[in-house]
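I have placed the structure first, in the form of structure tokens, so that the comments after it can refer back to it.
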Ligand SMILES: Cc1ncc(COP(=O)(O)O)c(C=O)c1O
């Protein structure tokens, strides 16, 4: 390819800016996951290696035309997968300019601007998060590598205290080093322990509670000598925080190193309203976090913060004749990387633009959205499994098969995207609200889509397969009469395509898997396919119950203990759930889903108790009137 003239470069970049702007502007209208046509379009990339150079504009046009539709719209407002922040526009702009600069930020002499921004960002981060002044910040590809870098420093510092130089002598013959992790430590932290030679399996695991928090009472009392304890700010499923004051006190008694994996949760330190979660976090020795998650800078940008910069230098200093001794923070001597891009530029741009209140607001707003989402789904009868203390919501349908079918149906629908997970050995759907672009409207639309998917999940391929594969039975207590509603709610302002609209009056009772040893003995069950019978709403229920929302057809286990039945009745009374006796079955109606009246609900708070765990339910979405 010939050298591009100045005007051509400008035209090329202007064209890219136009295309990128169009891409971002279109995010709201397109399905979150790419559709089959977009995926098929990727075949356009299957070209032989060009023997002759081509036109740069044509290359970028192909990238946009075939590539953009086949992206996952994770930077839009309705992507709730993994823990993924979108790119804030100022971070994107800073990223473009920094790419134009193409700075290697390994040493200050290679990029004075990157070095200065590194200093500024380090100071701002420690101030914003309330971490010890003077801590070092280093930028890596993500929290996985930030964990690895911090644990390397931890290992070397602890063994140095015991008189062993790991960098010089390796780990053979080194003193024993105890590593303690919580039962729910993130997989990348465990991998990091393997990478730094401490072993994935050699760790001592402390049991966790029902939210995934380390149980402080189980911290081992018998630890002496070099030790590293790994705690977590933001459990990847629940968003829960470990009890840091207890962990730090335990470590201080023993001279142990405390590392915190705060890939997303560390940003909660910017919200004074969450100090009950973050208290004691500043007492750690190192912290790993991601800016590409909650701070909404583009991938890849992880950050390791270490209380004493010399602990990083001990592990990562490199010596070579061509490396000039320099003033200022030398990134390559504080990270496992040598050459590195100037990730701090984007972090600086977001911090400068949002300021302290803006970052706090980002945390508060996304957490509020998570609570609102949980409230919608809980009201609709889905089980919210976690205390929604942060931006994570864990959801489950009535059975494991229905949960998997729900995830599948949500992803196919395309209104939003949520991923599957496993929580306490059973499938669940995970919703993570981490993007600056998510609005209240996005949450409402997405909740509607999820609720609708819960109604038709069993109709998807996965749902069908689950129904066919499993011995699925459903309570068919016959209630008689005509069904006044179809099963799928319309999204406001959005017509569902014909193939997604269930036929009016079609069955919407979801199959419930009954363990054979119970099911076969119970009267009133038979196997059903997709066309289960329809149960009408009883006439004597209040008007709002008729106007959409969720109808639960319930069957109380006749063999249930009286105490459990009393608990269930009390739960329903407090939740305002109404029952009607029809023949051998019951119908139960929760207050209708009136989206204007929905407010974030406290978990188990007054008037809003958590779902009674052993109520035997089937969920039925009801079309809005
Ligand atoms: C708690 C925790 N630690 C580490 C990671 C790994 O982060 P990354 O993929 O950015 O390296 C994640 C990712 O979700 C996480 O949630």
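Read-outs throughout are calculated quantities, based only on the coordinates presented, and are distinct from any laboratory measurement. No experiment lies behind these values; they were computed from the predicted model shown. Cβ sites come from the backbone with ideal geometry, for glycine too, and all protein chains shown count toward neighbours.
Below are the figures for this structure:
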quantity	calculated
Extension gain from residue 424 to residue 66, taking 0.36 nm per residue of separation minus the Cα-Cα distance	124.8 nm
P(r) of the stretch 195-270 over all Cα-Cα pairs, binned every 10 Å from zero, in whole percent	18, 50, 30, 2
Spin-label zone in the stretch 142-157 - amide nitrogen under 15 Å from a point set 7 Å from the Cα of residue 191 along the C-beta vector	142-149
In nm, spacing of pseudo-spin labels at residue 37 and residue 167 (7 Å Cα→C-beta vector)	5.8 nm
Computed lengthening from residue 3 to residue 353, 0.36 nm per intervening residue step minus Cα-Cα distance	122.3 nm
Evaluated over the stretch 1-152, the Cα radius of gyration and Dmax, each in Å	19.7, 56
Cβ-Cβ FRET estimate between residue 113 and residue 327, R0 fixed at 25 Å, reported to 0.05	0.95
Model label zone, residue 218; criterion: amide N under 12 Å from point 7 Å along Cα-to-beta-carbon; scope the stretch 170-195	181-185
Residue 15 versus residue 200: modelled label distance in nm, points set 7 Å from Cα along the beta carbon direction	4.6 nm
Rg/Rh for the stretch 348-399, where both radii come from Cα atoms and Rh is the Kirkwood radius	1.19
Rotationally averaged projected area of the stretch 162-233 (alpha carbon convex hull; nm²)	5.4 nm²
Cα gyration tensor shape for the stretch 240-368, rounded if a/c is under 1.5, else prolate or oblate	oblate
Kirkwood Rh (inverse of mean 1/r, distinct Cα pairs), the stretch 133-341, angstrom	17.3 Å
Spread of Cα-to-Cα distances over 10 Å intervals beginning at zero, given as percent, for the stretch 6-71	18, 44, 30, 8
